[in-house]
Each structure stands twice: as structure tokens, then as C-alpha cells.
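What follows is calculated from the coordinates using simple rules that are stated; it is not laboratory data. Keep in mind that this is a model prediction, so the values were computed, not measured. Cβ sites come from the backbone with ideal geometry, for glycine too, and all protein chains shown count toward neighbours.
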């Protein structure tokens, strides 16, 4: 890198490189700058970064002329996403809350129900299929619920039945194989 880098810029580069959430492309560009001020030549930087020397020179020149801001990615063109941070927060709160406690006439969320509820509460309409994608990205599990009848069973009767089955299994251990053989013929 031609010309010395200021001590304050070195500290700023080091501080940015210490961040875990730094985008990969920006991290690579910062590493190029650091390698250059440590004395690596452009060919060596191009080899380990798997970029052309022309690309390395372009990023070093951008840093020299524009500082740290010049190494960041440009904004992504296009319409901003509908599902912003507030929508994702509302979705997470809704999923973690039983629908009945929100005054809704059902017990389990489906993507269609969740999409309709979030449209009413946030004013942002997102299709049920995209809601499933967002739930997956937020590490929520989607799928069919497993319904059980455990809440209808008497625990004392269940314990008595389990004990009876265990007793029957111990006494009839020698005959179980014979029954299986007889049934298979």
C-alpha cells in the first residue's frame, strides 16, 4: 500500500475485524488493507484472497481515497423487504402465544391463520408460504401437530395398567415366541 496508514485507521480496522457479525466480503477487504500495511505485496494478497491483483489494487485505492466506508457493500437495489424487524418480532410473539389467549377461535397456528392474524395486527400482508419461510429462518419448527389424549387419561389408572402389562410380560416371557411362531405360519 503506498503511503503510511494512520494509527487511528489501523485501530479502526482492527476493531472492525474483531466483530463477529461483519459481512464476509467486507472482512476480506479489511484483511487486504491490513495485509498491505503489514508489508505484503499485491501479488501475495491476490493469491491468498483468490482475487486478481487488479481487484486488490481497486480495494486498496478505495480505502486510501474513501476510508473504511468505501469498503462496505453498496446497498442492495430493489424494493425493501416487507418483513422488517418489527414484523419478525410480532411474528415471534404470535407464534409463542397460544391463539386462544389472543381471543382467536382455534388452538393451533397454521401458516394461513398466522398470515391472516399478522395482516390484521401489523397491516403487512405476507403470503402463508412466505410466512413458513420466515418461520424456518427464525428457527421455528413447522409441521403437523402431534395430538395426544394424555390430558383425558387418569394417571392412577395408567400406572395400574402399566404395572399389569409389566407383570404379564414377566410371567409370559417363555410363551411369547411360541405365539409369534404360530401366528406367522
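Given the options 128, 53, 98, which has the most mean-square fluctuation in a GNM of the chain, springs set between C-alpha atoms less than 10 angstrom apart?
For the chain, modelled as a Gaussian network with Cα springs under 10 Å, the answer is 53.
Given points 7 Å out from each Cα along the Cα-Cβ axis, report the residue 55 to residue 165 separation in nanometres with one decimal.
Between residue 55 and residue 165, the label points sit 6.2 nm apart.
Take the alpha carbon atoms of the range 82-137, find their center, do the same for the range 36-61, and report the distance between the two centers in whole angstrom.
47
I'm spelling it out carefully: the read-out is semi-axes √(5λ) of the Cα gyration tensor in Å, the candidates are (1) 25, 19, 15; (2) 61, 29, 16; (3) 41, 18, 14, and one was derived from this structure. Which label?
(2)
Using a Förster radius of 25 Å, what is the FRET efficiency between residue 18 and residue 127 based on their Cβ-Cβ separation? Nearest 0.05, please.
Result of the calculation: an efficiency of 0.05.
Among 169, 129, 143, which one shows the biggest mean-square fluctuation in a GNM of the chain, springs joining Cα atoms closer than 10 Å?
The residue that fluctuates most here is 169.
Where is the GNM fluctuation largest for the chain (alpha-carbon springs, 10 angstrom cutoff): 52, 97, 121?
Sorting by GNM fluctuation, first place goes to 52.
Let me have the 222 nm mean residue ellipticity of the chain computed from DSSP H runs of 4+ only, each contributing -39500 (n - 2.57), with the sum over all residues rounded to the nearest 500.
When only DSSP H runs of four or more count, the value is -17500 deg cm²/dmol.
Full extension from residue 73 to residue 25: what is 0.36 nm times the residue separation minus their Cα-Cα distance, to one decimal in nm?
Additional length available on full extension: 16.5 nm.
Order 148-160, 106-118 from most to least packed using the mean count of other Cβ atoms within 10 Å.
106-118, 148-160
Pulled fully out, how much extra length does the chain show between residue 90 and residue 152, if you take 0.36 nm times their separation in residues and subtract their Cα-Cα distance?
My answer for the length gained is 19.0 nm.
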